[in-house]
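Worksheet: one structure, shown below.
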Amino acid sequence: MRPRLLALVLGLCAAQALGEVYQAPEAFVAEVFGTLPAPRVLWLSRKMQAQASAILNHPPAALRQRYWSDGAKSVWILEEIGKEELITAGFVVSQGHIDHVRVLAYRESRGQEVRDPSFLKQFSGAGLDQSDHLDRGIDGISGATLSVHAMERMARLALYFDRWSRD
Amino acid sequence: MPFRLRLVRTLRRWHARIGFAALVFFMLIAVTGVALNHGAALGLDSRQVHSKWLARWYGVRHDQPRQAYRTASHLLVAANGRWLLDGSAVGEKMPYPLGLVEIGDMIVVGGESSLHVYRADGALVDRLDSSALPRVPLKAIGAGEGELVVQTAVGPFTSADVLSWRAGAPKVVSWSTPTPLPEADREAYAQRLAPGISLQRMLLDLHSGRFLGRLGPLFFDLVALFLTILALSGAWMFLAPRLRR
C-alpha cells in the first residue's frame with residue numbers, strides 16, 4: 001500500500017513540475033500526418049526576426065524554427081508565455097489559413113479555458129491581413145486575457161512562418 | 001482662543017506632520033501600485049532582479065559554481081539555474097548542464113532532457129526538448145568527426161545538424177567533462193550567477209509591506225491608517241468653513 005501511495009505522491013509532484021501536458025508535440029504531428037515526418041527548419045533572417053518581434057512584442061526565442069510539412073499542410077509547435085509560464089500549442093496551417101489549433105501544454109494556474117474547443121474553433125480558417133494581424137477578431141475569455149493574447153500572437157506567428165516556409 | 005480655531009490649528013499641524021512623515025511610504029505605495037497595475041504591459045513577470053543580497057533576503061538557496069565546461073574557445077559556468085556562456089548570462093530556469101560541445105559554428109549545451117544550441121555570439125539558435133531528442137535522459141554529450149554525439153541508456157546517437165539523429169557513434173568521441181573552477185574565480189562567478197527574484201513579486205512585496213518581513217504588513221496597515229487620517233482631516237478642513245458659511 002505504502003509504495004503505491006508513494007508512487008501516487010511522486011506522480012502528482014512530477015505532474016505539477018511539468019505543468020499540464022495534454023499531448024506530446026510528436027504525437028500531435030503524427031496525428032496530423034498519419035506518421036511522424038522528419039522535421040524541417042526555417043532559419044529566421046534579420047527581416048523575419050524583426051517581424052516576429054513585432055508580432056510577439058519581444059524577440060523570438062530562437063533563430064531557427066522547426067516545423068513539419070507534407071507540402072499541403074504545415075505544423076508549427078510554438079511556445080509563448082501567458083502570464084508567467086509557457087503555453088505550448090500546435091498550429092496546423094493549410095493554404096495560408098489555420099486548419100486547426102490545439103493547446104498541447106498549459107502551465108499557468110489560471111486560464112485553462114483557452115484549451116476549450118469552442119475557443120480554439122475561432123482560429124479555424126483565420127489568415128493574416130496586410131499588416132500581419134489575424135483577419136478576424138478572436139473573442140476573449142474573462143480571467144484568461146493574457147493567455148488569449150498569447151494564443152493570438154502564436155497564431156499570427158505560425159501563419160507568418162508558414163508564408164516564409166512556402167516562399 | 002476659541003475651541004474651533006484651536007482644533008483647526010491642531011488638525012493642520014498634525015495633517016502636515018503625518019503627511020511629511022509618511023511621504024516616502026505614500027510615494028512607495030503609489031509608484032509600486034501604478035507599476036503593478038500595468039505589470040503585464042511592463043513585462044514585470046519576465047524580468048528578474050539578480051542579487052546575492054536579495055536572494056538571501058528572500059531565503060532563496062544560493063550555490064557557488066565549482067566547475068566549468070570548456071571547449072577550445074568557449075566556457076560555460078552554471079549555478080542557481082543560470083548559465084554564463086563566455087561570460088554572458090543566457091536565460092533563466094536553465095537545467096543543470098551535462099556538457100558543452102562545439103560543432104562547426106554552433107555551440108551545444110546538453111542537459112538531462114534538453115539541448116540548447118547557440119551561435120558563437122551567444123544567440124540561441126534552437127532549444128530541443130525531450131520530444132526532439134532520440135532518447136532521454138541524456139547521460140553525456142560529446143563530439144566526433146565534426147558531429148554531435150549524445151549518450152543515452154540505449155546507446156549513443158549522432159547528429160550533424162542537431163535536428164535529425166541516427167543510432168551509433170563515430171569511432172572516436174570526445175565526451176565533454178567538467179573541469180574544476182579555480183577557487184579565486186568562484187566568488188566572482190557566484191556574484192554573476194545570483195538567483196533571480198521576479199520584479200513583479202518584489203514590487204508586490206514592497207507594495208504590501210511583506211518585503212520587510214512579518215511585521216511589514218502591520219507597518220503598512222499603520223501607513224494606511226495615516227492615509228485615512230490625512231483624508232479625513234483634509235476633508236474636514238476643506239468642508240468645515242464652507243458648511244459654517
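When only residues in segment A:19-48 that are among the charged types (D, E, K, R) and within 14 Å of chain B (Cβ to nearest Cβ) count, which is surrounded by the fewest Cβ atoms within 10 Å (Cβ to Cβ)?
Among those residues, the one meeting the criterion is A:ARG46.
For the condition free of Cβ contacts under 8 Å to residues at least 60 places away in the same chain, over 30 Å from B:LEU42 (Cβ atoms) and within 36 Å of the chain's Cα centre (by Cα), what is the one hit in B:ALA188, B:ALA169, B:ALA224, B:ALA235? If you could, list the steps in order and put the result at the bottom.
Working: B:ALA169 fails: within 36 Å of the chain's Cα centre (by Cα); B:ALA224 fails: over 30 Å from B:LEU42 (Cβ atoms); B:ALA235 fails: within 36 Å of the chain's Cα centre (by Cα).
When all the criteria are applied, what remains is B:ALA188.
When only residues in segment B:145-166 that are surrounded by fewer than 18 Cβ atoms within 10 Å (Cβ to Cβ) and either more than 14 Å from every other protein chain (Cβ to nearest Cβ) or touching a His at 6+ places or on another chain (Cβ under 9 Å) (or both) count, which is nearest to B:MET106 (Cα to Cα)?
My answer is B:GLY146.
Considering every residue within segment B:57-66, establish whether at least one is hydroxyl-bearing (Ser, Thr, Tyr), under 20 Å from B:PRO178 (Cβ atoms) and away from chain A (no Cβ under 14 Å).
Step one: list which residues in segment B:57-66 are hydroxyl-bearing (Ser, Thr, Tyr), which gives B:58.
Checking which are under 20 Å from B:PRO178 (Cβ atoms) leaves us with none.
Scanning segment B:57-66 turns up no residue that is hydroxyl-bearing (Ser, Thr, Tyr), under 20 Å from B:PRO178 (Cβ atoms) and away from chain A (no Cβ under 14 Å).
Does segment B:114-137 include one or more residues that are away from chain A (no Cβ under 14 Å) and part of a loop (DSSP other than H, G, I, E, B)?
no
Quick test for you: out of B:GLY209, B:GLY196, pick the one residue that is in contact (Cβ under 8 Å) with a residue 40 or more places away in the chain and in contact with a helix residue (DSSP H, G or I) (Cβ under 9 Å, 6 or more places away or on another chain). Outline the logic, then answer.
Values: B:GLY209 fails: in contact (Cβ under 8 Å) with a residue 40 or more places away in the chain.
Only one candidate qualifies: B:GLY196.
Within segment A:82-90, can one find any residue that is at pLDDT 95 or above, in contact with a strand residue (DSSP E or B) (Cβ under 9 Å, 6 or more places away or on another chain) and assigned to a helix (DSSP H, G or I)?
no
Would you be able to say whether some residue in segment B:144-162 is in the same structural domain as B:GLY91 (by TED's automatic domain parsing) and free of Cβ contacts under 8 Å to residues at least 12 places away in the same chain?
Start the filter on segment B:144-162 by keeping residues that are in the same structural domain as B:GLY91 (by TED's automatic domain parsing), which leaves B:144-162.
So of that shortlist, the ones also free of Cβ contacts under 8 Å to residues at least 12 places away in the same chain come out as B:161.
Taking every residue of segment B:144-162 in turn, at least one turns out to be in the same structural domain as B:GLY91 (by TED's automatic domain parsing) and free of Cβ contacts under 8 Å to residues at least 12 places away in the same chain.
Filter segment A:44-78 down to the residues that are in contact with a Leu (Cβ under 8 Å, 6 or more places away or on another chain), without any contact (Cβ under 8 Å) to a residue 60 or more places away in the chain, part of a strand (DSSP E or B) and not hydrophobic (A, V, I, L, M, F, W, C) and list them by number.
Scanning segment A:44-78 gives A:ARG64, A:ARG66.
The values are calculated or read from the model by the stated rules, or taken from the named source; none is laboratory data. Only a predicted model underlies this, so the values are computations on that prediction, with no experimental measurement involved. Cβ sites come from the backbone with ideal geometry, for glycine too, and all protein chains shown count toward neighbours.
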